[in-house]
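*Asks:* Mind having a look at this structure? Questions to follow.
Read-outs throughout are calculated quantities, based only on the coordinates presented, and are distinct from any laboratory measurement. All figures in this text were calculated on a predicted structure; none of them were measured in a lab. We place every Cβ from the backbone using ideal geometry, glycine too, and count neighbours over all the protein chains shown.
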Amino acid sequence: MQEVLEKERLVGSGTWLDCFRSDGDVPKLVYRTVLGINIHFLQQWTGINYFFYYGATVFEAAGMKDAILTQLILGAINVALTFYGLYVVERYGRRWPLFLGALWQAACLLVFASVGTAHPPDEKNRSGTIMVVSACLFIASFAGTWGPMAWVIVGETFPLRTRAKQASLATAANWLGNFLIGFLTPVATKGISYTYGFVFFGTNLAAALIVWFFLYESRTLSLENIDLMYGQEGLKAWTSSRWVPPGYITRQQRDVTHFRRLSHVYQAQNEKSGNETS
């Protein structure tokens, strides 16, 4: 613990401007700031709060007699599948769950919006039931992927010196997205009704592309090794899961001989500096 505190003291804290300024000592600092902001803004624009804030209204219009009960079911699915997300993030990493989750959510919203637009629900057809099932499948995906994992990204992606401020910017982007959903949804649903779902279909596709092309896989890596990974020349986000830190056989298995060799080098250097001093 004392070593950690000493390291934090030596590193110091960066300014707000540092989050948007290239630093030769910290690789891709601006890149990571913008990435965190985008991930958290898009977490809201997956469409999750479209269902949670206005679900009762939407499902009542979709012909469901007990829209509040439907809303409670959606909430229960969200809570239950969040625990599954804790397993997914450790078992499968960050990139693939976020990428596939965004695609699955896009597919669910495409069905939701297409059915609602082509066959406006009423008591005479089954389109309302199809829309509710699509919403349940959407929330099941969100709860296991984008719900918890966006916050994991904040904890792992940023370097120590500017982490607090970068995390604050990402959280601010999350709340901005939340505010825009709350502000625009009543107007949009009144004006374009279920066609509004196509907007979230597009934002989920955008989220999938951002994850694929820009998010590096940080599973099982220490914060120091994450910095090394982002600074690795020529390494692309979509190949980052195969990157192994120097001195490791796999991401979880150290090369013991490598660290012994380093220990001998450091010991020799200390002995040499001690002899020169005397």
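*Asks:* Please give the peptides 231-239, 78-86 ranked by average Cβ packing (other Cβ atoms within 10 Å per residue), highest first, as a rough proxy for protection. Intermediate results must be reported in sequence, preceding the final value.
*Replies:* Working: 231-239: 11.9, 78-86: 14.7.
Highest-to-lowest ranking by the protection proxy: 78-86, 231-239.
*Asks:* When a footprinting reagent is the concern and you count Cβ atoms within 10 Å, what order do Phe20, Phe138, Phe213, Phe51 take, fewest first? List each step's numbers first, then the result.
*Replies:* On the way: Phe20 14, Phe138 29, Phe213 10, Phe51 24.
The most exposed by this proxy come first: Phe213, Phe20, Phe51, Phe138.
*Asks:* Okay, moving on. Gain in length, Phe213 to Leu228, computed as 0.36 nm per residue apart minus the alpha-carbon separation, to one decimal in nm? List each step's numbers first, then the result.
*Replies:* Working: separation 15, 0.36 × 15 = 5.40 nm, distance 1.84 nm.
In short, 3.6 nm is gained.
*Asks:* Where Lys and Arg each count +1 and Asp and Glu each count -1, what net charge lies around Phe59 among other residues with Cβ under 12 Å from its Cβ?
*Replies:* Numbers: positive: Lys65; negative: Glu60, Asp66.
Within the 12 Å Cβ shell, the charges total -1.
*Asks:* Arranged by the count of other C-beta atoms within 10 angstrom, fewest first, what order do Leu69, Leu215 take? Walk me through the numbers before you get to the answer.
*Replies:* Values: Leu69 12, Leu215 22.
The order, fewest Cβ neighbours first, is Leu69, Leu215.
*Asks:* I've got another one for you. Just to compare against my own numbers: the Cα pair-distance distribution for region 25-231, 5 Å bins, whole % per bin, please.
*Replies:* In whole percents, the pair-distance histogram is 1, 8, 15, 19, 19, 14, 10, 7, 4, 2, 1, 0, 0.
*Asks:* If we count every other residue with Cβ under 11 angstrom of Tyr92's Cβ, Lys/Arg +1 and Asp/Glu -1, where does the sum land?
*Replies:* Working: positive: Arg91, Arg94, Arg95, Arg219; negative: Glu90, Glu217.
That works out to +2.
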